[in-house]
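Working notes for the structure below.
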Amino acid sequence: MEPITLHTERLVLRPFEERDEAAVAAACDDPDIQRFVPVPEPYTLKDAEDFVRNVSPAGWRDDTAYNFGIFTHDGALAGAIGLVQLRNAERQAELGFWTARDHRRKGYTAEAGRAVVEWAFTALEVERLEWVAQVENEGSRAVALRLGFVEEGIQRARIVQRGTRRDARIAALLPSDWGYGFRTPYLPSQQG
């Protein structure tokens, strides 16, 4: 897919560019991000260069991940968000995100998430978005719940972080949760 840019009232969501590398390195060297996001520790400028120049563009090119930088209108990096674990044949993806320390608790990640979810449901015709995070990641959970994700439970030993298996919450968001239909017929269970 050709990379795109999305706009919200306060934000610009765009693919990362080389000019963003220092800001990505600074943001991802935060212990709070490293605790929950599978990034190198310590996170160096070289790591940011590899992500910006190689990993992120390859995701767009190969339709495996669509990553956006979240930028305020004045150009500050507020975080990152993307559709990862793309399963195009099944019309499924996982929504992942992190927020830079100085931009937490401002609603930026939820605002960016609304734009990405809308794009996923309308332009990509995704029929199931998943959110997965370590049980202890309450900030990520709060964003997912604000977006309307419905928790489906805790999966034991789902995530390997820093060489240790950890339990994870999983939640899903369907197009019907946002008033959209399915391209593939959906027959919900009558149990539960």
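The values are calculated or read from the model by the stated rules, or taken from the named source; none is laboratory data. Values in this document were obtained by computation on a predicted structure and should not be read as measured data. Heads up, the Cβs are rebuilt from the backbone with ideal geometry, glycines too, and the neighbour counts pull from every protein chain shown. With ligands, DNA and RNA removed, areas are computed over all heavy atoms of the protein, side chains included. Shrake-Rupley method; radii C 1.70, N 1.55, O 1.52, S 1.80 Å.
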Taking the chain and dividing mean pair separation by its residue count, relative contact order in percent (alpha carbons under 8 Å, at least six apart): 17
Accessible area per residue, Å², the chain with all protein chains present, probe 1.4 Å: 53
Sulfur and carbon atoms: percent of accessible area, the chain [1.4 Å]: 48
Pairs of Cα atoms farther than 27 Å apart, the chain, %: 26
Protection proxy ranking of 57-65, 98-106, 180-188, 119-127 - average other beta-carbon atoms within 10 Å, highest first: 119-127, 98-106, 57-65, 180-188
Cα pair distances of the range 43-134 binned at 5 Å [whole percent]: 3, 13, 21, 25, 20, 13, 5, 1
Phi-based couplings in Hz for the range 169-185 (Karplus 6.51, -1.76, 1.60; Gly and Pro marked x): 7, 10, 9, 9, 10, 10, x, 5, 5, 10, x, 9, x, 9, 7, 8, x
Selection from 72, 28, 43, by position along the positive dipole direction of the range 23-99 (Cβ): 72
Residues whose placed amide H lies under 5 Å from that of residue 16, excluding near-sequence neighbours: 69
Cα principal axis extents for the range 139-191, largest first, Å: 40, 24, 21
The chain: angle of helix 108-122 to the longest principal axis, Cα-based, in degrees nearest 10: 50
